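Input: a single structure, listed below in structure tokens.
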Amino acid sequence: MKNTSPGQSPQRKVTKQLLKSQDHQETATLTSGVDSGMATRSKTELITKEKTEMEELKNSVRDLKNDVKAGNLNLMENIQSINAGNEKILAGIGALQKKVDDVQEELTGKITKVAEESTKMFEAVHETISANANAVKDLEAVVEEMAGEMEAMKLELDSLKSQFTKVSDKCVDLEARSRRQNIRIRGVKEGAEGENTREFTANLIKHVLNLPEAPVIEEAHRVPRFKPRFTGEQAYPRQIIVKLRDIPTVEALLKKIKYGEKMIYGNDSIKLLRDYPYEIVQKRRKFSQTREALYGVKGVISGVFYPARMRITFKGISKTFTNPLESLKYAKEIVVKAAAAEED
């Protein structure tokens, strides 16, 4: 490619030469009338000059064509290079698309496999759940059946408990009635009775109750020896059970004993008690706090009656309690307070 000066392209050069040619033509036209003698010579010079300029113009046009041709060649080369790059890009895109397709196909296969396995697993789980549901229904039926049986057994058990309680109460009552001729003597030292317990206990009762004569005693003995709570001097002496001739004698003797009264025989502090079964003794013992609260209160008559009922009489009004807590509440909040208010 032919080099041109900076800022002056071949097109501009050709244009400039054309403008010069026109100027010369105009100048020649203007000067043709001034000097006719010089016209021929100037015309020859102008023609020569125009030929020269025409040659230059042709050279410029030829150079311009060469430049355009060279530019076209460069443009074609660039287009071919771009096309080659585009082909490479398209090839890369094709390879990438193939990889994407392969990955998609692989993922699709894996997803399909997982879906099939999941379906099988869900089917197995569904079967298991169905089997468990059936088993649960069977168990519910069994439980309902057992619940009915248990309800029947509960009713039967409640009936048996009720019957047992009645039978137990009857047995305790029979035992208590069989002991109505008995009294217990508490506090007599071991061995004080000697060899004749009947005679000893008859004299003891006569002495502590100030009787004119000793009562008739059928039997008398110490209770069986159990493991003592304390040993040595602290050991409690066993109680003596005395069977009298008849029940009226027992009632007459016990009426002579006041609640809380201390009886002394020799050096021993003793008590005479009814001989109740253990179950009744425990029930009657629960009224001890009430009896202690009423002890010494004026105008109050109280007592625990067979088997375990406490009666409190105050100002001519009698109340009977089978609940120890209710009796204690009545004694403290009603009777004791009222008696204290009267004294004030």
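The table that follows gives values for the structure above.
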{"item": "FRET efficiency, 1/(1 + (r/R0)^6) with R0 22 Å, evaluated for Ile301 and Glu261 via beta carbons", "result": "0.90"}
{"item": "Chymotrypsin sites (Phe, Trp or Tyr not before Pro) lying in DSSP loop within region 280-318, provided at most 16 other Cβ fall within 10 Å", "result": "Tyr295"}
{"item": "In sequence order, calculated HN-Hα J values of region 161-175 (Karplus, 6.51, -1.76, 1.60; Hz; x Gly/Pro)", "result": "4, 4, 5, 4, 4, 4, 5, 4, 5, 5, 5, 4, 5, 4, 5"}
{"item": "For region 109-248, the fraction of alpha-carbon pairs in successive 10 Å shells from zero, as %", "result": "9, 18, 15, 11, 9, 8, 8, 7, 7, 5, 3, 1, 0"}
{"item": "Size of charge dipole - region 121-179 - debye, nearest 20, with Cβ of Lys, Arg +1 and Asp, Glu -1, no other charges", "result": "700"}
{"item": "Alpha-carbon Rg with Dmax, taken over region 53-140, Å", "result": "36.7, 122"}
{"item": "Long-range amide H partners of Arg274 with built H, under 5 Å", "result": "Arg184"}
{"item": "Cross-link pairs Lys189/Lys256; Lys154/Lys286; Lys262/Lys298 - those with Cα-Cα distance over 27 Å", "result": "Lys154/Lys286"}
{"item": "Carbon plus sulfur fraction of accessible area for region 144-212, probe 1.4 Å, in percent", "result": "53"}
{"item": "Where region 47-199 is the region considered: accessible area per residue in Å², 1.4 Å probe", "result": "81"}
{"item": "Per residue value of the accessible surface for region 200-344 (all protein chains in place, 1.4 Å probe), Å²", "result": "67"}
{"item": "Mean projection area, nm², convex hull over Cα of region 102-174", "result": "7.6"}
{"item": "At most 12 other Cβ within 10 Å, DSSP loop - GluC sites (Glu not before Pro), region 128-157", "result": "none"}
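The values are calculated or read from the model by the stated rules, or taken from the named source; none is laboratory data. Remember, predicted model here, so these are calculated numbers, not experimental data. Please note: Cβ atoms are built from the backbone with ideal geometry, for glycine as well, and neighbour counts cover all protein chains shown. Each accessible area value is taken on the protein alone, full model and side chains, heavy atoms only, with ligands, DNA and RNA left out. Shrake-Rupley method; radii C 1.70, N 1.55, O 1.52, S 1.80 Å.
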